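The values are calculated or read from the model by the stated rules, or taken from the named source; none is laboratory data. Not measured: the values here are computed from a predicted model. Cβ placement follows ideal geometry from the backbone for every residue including glycine, while neighbour counts extend to all protein chains displayed. All accessible areas refer to the heavy atoms of the entire protein, side chains included, with ligands and DNA or RNA removed. Shrake-Rupley method; radii C 1.70, N 1.55, O 1.52, S 1.80 Å.
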Amino acid sequence: QVQLVESGGGLVQAGGSLRLSCAASGRAFSTYAMGWFRQAPGKEREFVAGILSGGNTYYAKSVKGRFTISRDNAKNTVYLQMNSLKPDDTAVYYCAATPAPGYYYRSDNYNYWGQGTQVTVSS
């Protein structure tokens, strides 16, 4: 069993930055693929970024070049550095974990989810 707790969300002006953190409990964190997803009001949950156990990273086209996902296995934590934020980035951001690295961009591939953290970008 893995428990995930996100932090770092908030209100920021367009062009600003935020760093989200996701702290994981449980053993074998380093073997899990981790993902960040987001859901805006009235929209479906969408993939933002993923990082595999070996460190390979993947990004949605809408955030590539602006967001960076990373992990610190010693701290059981995954991060999402978000730069050049836009109002369209406004959403609840969720951290997720899966032991199965395939289809890392699909939310139904993930077994464990955090409670979410709100990110609001004002224009």
- If a residue has to be of a type outside the set (S, T, N, Q), open to solvent by less than 60 Å² (accessible area, probe 1.4 Å) and either within 18 Å of Thr31 (Cα to Cα) or over 11 Å from the mean Cα position of the chain (by Cα) (or both) to count, how many in the range 88-113 make the cut? 10
- Query: Of everything in the range 1-24 that's open to solvent by 30 Å² or more (accessible area, probe 1.4 Å) and over 16 Å from the mean Cα position of the chain (by Cα), which residue is farthest from Val92 (Cα to Cα)?
  - Reply: Gln1
- Is there any pair with a first residue in the range 41-57 that is in contact (Cβ under 8 Å) with a residue 60 or more places away in the chain and a second that is loosely packed, with under 11 Cβ neighbours inside 10 Å and in a loop (DSSP other than H, G, I, E, B) whose Cβ atoms are under 9 Å apart and which are 6 or more apart or on different chains, and what are they? none
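Here's the yes/no breakdown for (1) touching a helix residue (DSSP H, G or I) at 6+ places or on another chain (Cβ under 8 Å); (2) small (Gly, Ala, Ser); (3) more than 23 Å from Ser123 (Cβ to Cβ); (4) at pLDDT 95 or above:
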residue	(1), (2), (3), (4)
Gln1	no, no, yes, no
Ser7	no, yes, yes, yes
Leu18	no, no, no, yes
Thr31	no, no, yes, no
Arg45	yes, no, yes, yes
Gly50	no, yes, yes, yes
- Task: Could you check, for the range 61-75, whether at least one of its residues is within 11 Å of the chain's Cα centre (by Cα), surrounded by fewer than 18 Cβ atoms within 10 Å (Cβ to Cβ) and modelled with pLDDT of 95 or more?
- Result: yes
